[in-house]
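Note sheet for the following structure.
The values are calculated or read from the model by the stated rules, or taken from the named source; none is laboratory data. Only a predicted model underlies this, so the values are computations on that prediction, with no experimental measurement involved. So basically every Cβ, Gly included, is an ideal-geometry build from the backbone, and we count neighbours across all protein chains shown.
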Amino acid sequence: MAKRFERLLDKATDSTLLEPHWDAILDCVDAIRSAEVPVKTAMQSVRKRMHNENPHVAHHALLVLEACVKNCGEKVHTEIATKEVMEDIKHLAAETKADKVKEKILELVQCWSHAFKSKPEYKIVADTHNLMKLEGFEFPSLRESEAMFVAESAPDWADGDECFRCRTQFGLLTRKHHCRACGQIFCDKCSSRQMILPRYGIEKSVRVCETCFDKPQQQQPKGAEKEKTATGGGESSKPTLTADQKAAKERELKQREEEELQLVMALSQSEAEEKERQRQLMMYKMYNGPDQSAEMPINAGQNNRASGASSGPVSNGYKGTAPASARQR
């Protein structure tokens, strides 16, 4: 099964492709969702192609990764939201010379950070986003619709021996098909419709069942419905924001970003102070032995300064030669 996934991935990341090969990309997604290939193995293969010297291969690999994150659910999210993977993506953004690869990485990191901001188990993604901001990476403007896939993640695929709609038993002549909108299992006749699913990041017409095809909320994307309402095409028009309200919202967002950056800087400073304290403690043990580890040299120095003592070797607890006055006596 892993070899089949490698063949599908080769098609999806072919260097001669001028446009995304959505059939191959969705086949890779299907292989992960149907558990034909372990998630860890699949993500390792995708990451390997992300580091390909050919920028076209690397860019197509990022498209595969994006589709997997949008459509494969928590099992891929958990695999991506690790320190190892996020550090790898950050280093790739810093080292790559291809602008389109770097721009795609920045777009994905920003989108994931916004989408996972309410999930503490994926905090490493937001931390990586903030650290990259501190390092000077310029992220593109984020559209709210690009980060809404978590709120409407693709459903898990169901399994069964009969069609969910007409109850026809599956066999050699009747194959199983999944509706990509609801995840239920159908026969070919009950899932012969085709439509795009932008809310799941699928920009190509894919198989859906009759029920999902007939739903009005899926026939018209949410973005188009909002646009129609704002222009007065709908019955209940949503009030548009004034210039002052937009400016206030932008200031609020900017202030929130600055607070997050300050928090990251404070955490970095605390880590640096802790490392310095550990270094001083190690040096103190080297000179004074492990028996004196209960007394910190910093505290000892502070007590001596408070009592007016000199800051010589004795005040810091150093077991070296005695002072000159002691040797004369």
Filter pass, Arg4 being at pLDDT below 90, surrounded by 20 or more Cβ atoms within 10 Å (Cβ to Cβ) and of a type in the set (D, E, K, R):
no
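Whether any residue in region 72-82 is more than 12 Å from the chain's Cα centre (by Cα), of a type in the set (S, T, N, Q) and outside any loop (DSSP other than H, G, I, E, B) is what I want to check.
No.
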Tell me which residues, restricted to region 25-48, are of a type in the set (Lys, Arg) and under 18 Å from the mean Cα position of the chain (by Cα).
Lys40, Arg47, Lys48
Would you be able to tell me the number of residues in region 33-71 that are touching a residue at least 40 places away in the same chain (Cβ under 8 Å) and in a helix (DSSP H, G or I)?
24
Could you please find all residues in region 18-32 being in contact with a Lys or Arg (Cβ under 8 Å, 6 or more places away or on another chain) and not in a helix (DSSP H, G or I)?
His21
Give the residues of region 1-21 that are within 15 Å of Ile202 (Cα to Cα) and under 22 Å from the mean Cα position of the chain (by Cα), sorted by residue number.
Ala12, Pro20
Would you tally the residues in region 86-136 being over 13 Å from the mean Cα position of the chain (by Cα) and of a type in the set (Ser, Thr, Tyr)?
1
Flag for Lys189 being surrounded by fewer than 20 Cβ atoms within 10 Å (Cβ to Cβ) and modelled with pLDDT of 80 or more:
yes
Among the β-branched types (Val, Ile, Thr), in contact with a strand residue (DSSP E or B) (Cβ under 9 Å, 6 or more places away or on another chain), closer than 21 Å to Asn71 by Cα and crowded, with 17+ Cβ neighbours inside 10 Å - does that describe any residue in region 175-185?
yes
Suppose we keep only residues that are under 14 Å from Arg207 (Cβ atoms) and hydrophobic (A, V, I, L, M, F, W, C) within region 22-38. Which one would you say is surrounded by the most Cβ atoms within 10 Å (Cβ to Cβ)?
Val29
Run down Glu250, Glu225 and say which single residue is at pLDDT 75 or above, more than 30 Å from Asp27 (Cβ to Cβ), in a helix (DSSP H, G or I) and among the charged types (D, E, K, R).
Glu250
Of the residues in region 86-105, how many are of a type outside the set (D, E, K, R), in a helix (DSSP H, G or I) and surrounded by fewer than 18 Cβ atoms within 10 Å (Cβ to Cβ)?
3
Being within 17 Å of Thr13 (Cβ to Cβ), at pLDDT below 95 and in a helix (DSSP H, G or I) is the requirement here; does Cys111 meet it?
no
